[in-house]
Every structure is written in C-alpha cells, then in structure tokens.
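Peer 1: Here you go, one structure.
The values are calculated or read from the model by the stated rules, or taken from the named source; none is laboratory data. What you see is a predicted model; the values in this text were computed from it and never measured. FYI the Cβ positions are ideal-geometry reconstructions off the backbone, even for glycines, and counts take in every protein chain you see.
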Amino acid sequence: MARLLLVEDDDTIGHALSTSLAAHGHEISWQPTGRGALAEAARGPLDLVLLDLGLPDLDGVAVCRELRTTQPDAVVVMLTARDEEMDVIIGLEAGADDYLTKPVRLAELHARIRAHLRRGTTAGSPDSDGPVALGELTLDTASRRVSVAGAEVALRAKEYELLVRLAAEPGVAVSRETLMSEVWDEHWFGSTKTLDVHIAALRRRLAEAGDPAGLPVIVTLRGHGYRLDPPSQVCPTVER
C-alpha cells in the first residue's frame with residue numbers, strides 16, 4: 001500500500017480523487033491547504049504527492065520546493081488548471097516529477113500513479129564495474145554519487161537517472177521514447193515535456209558545477225532525443 005498525499009482545495013475534486021485513490025488500495029491523506037500539506041509531510045515518508053498549484057494560502061510552487069526538501073524521495077505530481085506552458089515549466093523546475101491538467105481523467109491519473117510507483121520500486125542504476133569518468137565528471141553508480149573535479153554534485157533522482165542512462169552510451173543517440181521508458185516507466189503515456197525540463201535542469205546543474213570545457217555535453221537531437229558527448233567529442237556547432 002502506497003502512502004499518498006492529496007493537496008487540493010476544491011471539495012468536490014478532493015472528495016472524488018481521495019475516494020477513487022482509496023478504492024485503488026492507497027493510504028490517502030487529503031489536505032486542502034499548503035500549510036496542512038507541509039504539516040502532513042512532516043509526519044513521515046510519503047510515496048507520492050498530488051499537488052494542486054492553485055492553493056488558498058500558499059503558492060503551490062513554494063509548497064513543491066519545500067516538499068522536495070522534506071520528502072526528497074517522494075514523487076510529486078502537479079495538478080493544475082493552468083494551461084500556460086510557463087506555469088508547468090516553473091513547477092517542474094521547482095522539483096515536480098510530472099503534471100496533469102484539470103479536469104483530471106481518473107483512468108489517466110491511476111495509470112500515471114502506477115507508472116511512478118512501479119518505477120520507484122524498480123528503478124536502479126545500470127550495472128557497472130566501477131565509477132564512470134567522462135572528463136571531469138564521475139558517476140559512481142554503487143553509491144549513486146555524481147562529482148565534478150572531485151566535488152559532489154547534488155542531483156534530483158530523475159536527473160541522476162537521466163545522466164546515468166545517457167552516460168551508459170556516451171556518443172550514442174538515445175530516443176525520447178527510450179528515455180521515458182527507462183527513466184520513467186515502460187508503460188508511460190502522455191506528455192513528455194517533463195523530460196525536456198529535467199534535461200534542462202541537468203544541464204544547468206552540470207554547468208554550475210565546473211568548467212564546461214572539461215564536462216560532457218547533452219546534445220539535443222531534434223525529432224529524436226538526446227546524446228551525451230564526452231568533452232573530446234564536443235563540436236562547437238551542435239545545439240546544446
């Protein structure tokens with residue numbers, strides 16, 4: 001049984017979602033406010049949080065950032081009626097793993113939750129004989145640590161898993177479908193915008209960690225996916 005936190009201020013939506021989630025065997029705590037959500041999160045580990053961005057007391061994005069601190073291992077899925085792309089991007093950059101736009105279709109909601117929870121129980125790093133070094137970047141899959149020039153870099157779970165997957169085949173093109181299947185879940189469906197936002201965040205964290213000249217580069221392959229080029233293979237004309 002998974003422990004889920006639903007943060008939704010609309011009584012009708014909250015009641016419908018909490019009832020449906022409980023019927024699927026989850027332990028549900030429904031909180032209508034951001035402060036109530038943070039108090040509930042402080043009680044113990046959560047598996048997944050469904051977080052409405054339009055809360056009456058606190059900004060949902062701020063709540064998301066706090067949850068990423070207090071519940072680093074929990075999956076955070078935003079529920080938003082906002083259809084502006086920037087709102088979604090801001091939420092994902094604040095630490096959310098995924099988003100669903102209201103009105104939420106229950107079949108899609110349950111499928112997405114199953115995918116996230118299944119991935120959480122099976123996710124792991126590819127087998128490795130030891131740390132992988134790409135220029136100044138070192139990946140130690142045994143300890144799930146990433147370092148640049150010897151200094152550890154803090155990555156969120158999905159950022160780390162994306163980096164490990166790309167680093168498993170440096171210089172090889174990896175499709176969007178493959179990344180979504182292996183980093184999120186093989187049964188994933190719906191928008192893949194979350195992939196782009198996590199790639200952008202991963203690029204930013206690596207750029208802030210050290211001299212870009214000594215680091216591999218995540219190259220965008222339009223219409224296909226991404227490729228991780230070791231420092232010696234970086235071409236100044238490619239899109240990054």
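Peer 1: For the range 6-48, which positions are under 19 Å from ARG118 (Cβ atoms), touching a Leu at 6+ places or on another chain (Cβ under 7 Å) and of a type outside the set (Asp, Glu)?
Peer 2: SER20, LEU21, HIS26, ILE28, LEU46, LEU48
Peer 1: Here is a further query. Count, please, the residues in the range 141-177 that happen to be over 20 Å from GLU93 (Cβ atoms), at pLDDT 90 or above and buried (at least 16 other Cβ atoms within 10 Å of the Cβ).
Peer 2: 6
Peer 1: Which one is surrounded by the fewest Cβ atoms within 10 Å (Cβ to Cβ) among residues in the range 203-224 that are part of a helix (DSSP H, G or I) and of a type in the set (Lys, Arg)?
Peer 2: Taking the candidates together, the pick is ARG204.
Results for (1) under 24 Å from TYR160 (Cα atoms); (2) part of a helix (DSSP H, G or I), shown as yes or no for each residue.
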| site | (1), (2) |
| --- | --- |
| LEU79 | no, no |
| VAL88 | yes, yes |
| TYR99 | yes, no |
| PRO103 | no, no |
| HIS110 | no, yes |
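Peer 1: For VAL75, indicate whether it is at pLDDT 90 or above and either among the aliphatic types (A, V, I, L, M) or crowded, with 18+ Cβ neighbours inside 10 Å (or both). Step through it out loud before you land on a result.
Peer 2: Values: at pLDDT 90 or above: yes; either among the aliphatic types (A, V, I, L, M) or crowded, with 18+ Cβ neighbours inside 10 Å (or both): yes.
It is true that VAL75 is at pLDDT 90 or above and either among the aliphatic types (A, V, I, L, M) or crowded, with 18+ Cβ neighbours inside 10 Å (or both).
Peer 1: I've got another one for you. Looking only at the range 29-69, count how many residues are under 19 Å from LEU109 (Cβ atoms), at pLDDT 95 or above and either surrounded by fewer than 16 Cβ atoms within 10 Å (Cβ to Cβ) or among the aromatic types (Phe, Trp, Tyr) (or both).
Peer 2: Adding up the residues that qualify gives 1.
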